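A short worksheet on the structure shown next.
The values are calculated or read from the model by the stated rules, or taken from the named source; none is laboratory data. What you see is a predicted model, and the numbers here were worked out from it, not measured in a lab. FYI the Cβ positions are ideal-geometry reconstructions off the backbone, even for glycines, and counts take in every protein chain you see. Side chains are part of the model used for accessible areas, which takes the heavy atoms of the whole protein and leaves out ligands, DNA and RNA. Shrake-Rupley method; radii C 1.70, N 1.55, O 1.52, S 1.80 Å.
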Amino acid sequence: MRVVVIGAGVVGAAVAAGLTRRGAQVTVLEARTPGSGTTSTSVAWINANNKTPKEYFDLNHAAVWAHHQLPGDWHFPTGNLECAATDEHKGLLEERVARLLALGYPVERVTARRARALEPDLVPPPGGAEYVFFPGEAYVLPLRLLGRLLGEARDRGAVVECGAEVTAVETAPAGAKVTLADGRTFAGDVVVTCAGRWTQRVAALAGADVPMLDPAVSGTVTNGFLVTTSPVPARLSRVLTTGGLNLRPDGGGRLLLQALQLDGLADPALPVPGEVVDEMLGLLPKVLRATEGATAERAVVGQRAMPGDGLTVAGFADAGRRVYTVATHSGVTLAPLLMEEVAGELFGEESALLSPFRPGRFADGAVRPAPVPARRPGQQ
C-alpha cells in the first residue's frame, strides 16, 4: 500500500510510523518543518483526567496506556498531583474523583504529608488543601517523542518532504494524487491528512468538510500562554495542577508554566505580554519552593488544533475511501494509540475506539455544541 501523509507533527509522525510497521510505502509531506505547529507548543500532559463524553474518555484512557507501551527518554510516567484549595475546587474535584473511580481510572486521595513526600518543594496553600494523585498519568517532551516516531518511520523507509505545501488533493477509483505549490505531485492508494489546525483547509482540497476552530478568532478555546522558566534549583518530578498554575518539568531544571485564567488575553498574532509573564512567574513561588527569581527563557501562545465540536476526528472523509482525516485537540496524548488504530483502519481493521469520531458527523450541517475553553482545576 502507498500512503501519502500530510503533516509531520506528532500525529502525522505516529500515523506514518504505524503504517511503515505494516509494510506500507509512506511519504510524509510537511509544509514547514516537523513539529513546527501545535506539537512544539503543547503542555504534553498525558491524561484522560477530565475528558468527556465517555467515548472521548475511553479513547484517551487507552492512549495513556499506549504511552506506557512506548517507553523512552521522552516519557515521564510520574503521575499528576492535583491540589485543591478552595471549597468550590474541592467539591468539583471530589465529583471528578468519584466519576473516574467508577470508570476504572487510577486515582488516589492523598494526605498533605503524602503530597509533600511526592513533591518536597510543594508550598501548602494557606488554610489547607485536599490532594489527589493520578498515578497513571505522565508528561512527555513532545519534540523528543516526535523524533522517536518520525525516526522510526524513516528507518522503515518513509520519505519526509519538508517545505511541501499542498495545493490540491485529487481522488479517483484507483487512488489519490497530491499536488504541491512547486508543482510536484505524489500518488498513493490513500492520503491521510494530519494537518492539525490547518485540517479544514487541507480536507477541503479533497472536497471534505471538517470544521476546525480558527485560532485567530476563537480566543481561549484554541489559544493559551506557555512560559518556560530559566533553570531553578527546585524539586519537581511530575505534573502539578492547582487552581491558579499548572506546571511540569521541562528539562535541565526548567519548568513549563500554564495559567489558564490568563488565556483570555492570548492573541497568536502578538507577543506574550510582559505583564502575563510577570504574573505567571509571580504565582510560581506560591506553589513551589526555590523558584524565587526565576526568569522566562521562552513565552509563547500555544494554538490548539480544535475540531468544531471539540472532539477527535478520525476516519475516511470521502465515499471512495481515498482520504482519511485525523484531527484532535489531544494529539500528544493520542499519538501512540493513533499509530496502531489508524494504520489498522487503513488495512481494513475497523477500530471500535475511533468509530464514534468519524468526519461524516459534520456532513448534515447540523449545529453542534461548541467546545469550551480548557478548564482550570476546580472549574466545571
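Evaluate the distance, in nm, between pseudo-label points positioned 7 Å from the Cα of residue 201 and of residue 174 along their respective Cα→Cβ axes.
Result: 3.2 nm between the two label points.
Along the positive direction of the dipole of region 40-101 (beta-carbon charges: Lys, Arg +1; Asp, Glu -1; about the Cα centre), which of 97, 71, 49 reaches farthest?
Value: 71.
Per 0.36 nm of contour for each residue apart, how much would the distance between residue 54 and residue 235 grow if the chain were fully extended, relative to their Cα-Cα spacing?
Values: separation 181, 0.36 × 181 = 65.16 nm, distance 3.52 nm.
So the extension gain works out to 61.6 nm.
By average Cβ neighbour count within 10 Å, what is the ranking of 107-113, 280-286, 24-30 from highest down?
In decreasing order of mean packing, 107-113, 280-286, 24-30 become 24-30, 280-286, 107-113.
Each label point is 7 Å from the Cα along the Cα-to-Cβ direction; what then is the distance between the points at residue 155 and residue 65, in nm?
For residue 155 paired with residue 65, the spin-label model returns 2.6 nm.
Can you tell me the dipole magnitude for region 69-219 around its Cα centre, using point charges on the Cβ only (Lys, Arg +1; Asp, Glu -1), in Debye to the nearest 20?
Numbers: 15 positive and 20 negative charges, 51 e Å.
Rounded to the nearest 20 debye, it is 240 debye.
Keeping all protein chains in place and using 1.4 angstrom, which order do 38, 242, 167 fall into by accessible surface area, from largest down? Can you show the working numbers first?
Working: 38 40, 242 15, 167 65 Å².
If we order 38, 242, 167 from most to least accessible, we get 167, 38, 242.
If I model region 3-146 as equal point scatterers sitting on the Cα atoms and use the Debye formula, what is log10 I(q)/I(0) at q = 0.15 Å⁻¹?
So the normalised log intensities are -0.88.
In what sequence, largest accessible area first, do 54, 177 appear using a 1.4 Å probe? Don't skip to the answer; put the middle values down first.
Numbers: 54 110, 177 85 Å².
Final ranking, largest accessible area leading: 54, 177.
Normalising by the residue count of region 103-247, find the relative contact order in percent from Cα pairs under 8 Å and 6+ residues apart.
17 percent
Tell me which lysines have Cα within less than 30 Å of residue 54's Cα, excluding those fewer than 8 residues away on the same chain?
Those lysines meeting the cut-off are 90.
Under unit Cβ charges (Lys, Arg +1; Asp, Glu -1), what dipole magnitude, rounded to 20 debye, does region 240-309 have relative to its Cα centre? If you can, show how the numbers build up before the last one.
On the way: 6 positive and 9 negative charges, 63 e Å.
With only Lys, Arg, Asp and Glu charged at Cβ, the dipole is about 300 debye.
Quick one: length gained pulling residue 270 to residue 350 fully straight, 0.36 nm per residue minus the C-alpha distance?
Additional length available on full extension: 24.5 nm.
Divide the volume of the convex hull of the Cα atoms of region 111-221 by its number of residues and quote the answer in cubic angstrom per residue. Present the calculation step by step, with values, prior to reporting the outcome.
Details: hull volume 24.3 nm³, N = 111.
Normalising the Cα hull of region 111-221 by residue number yields 219 Å³.
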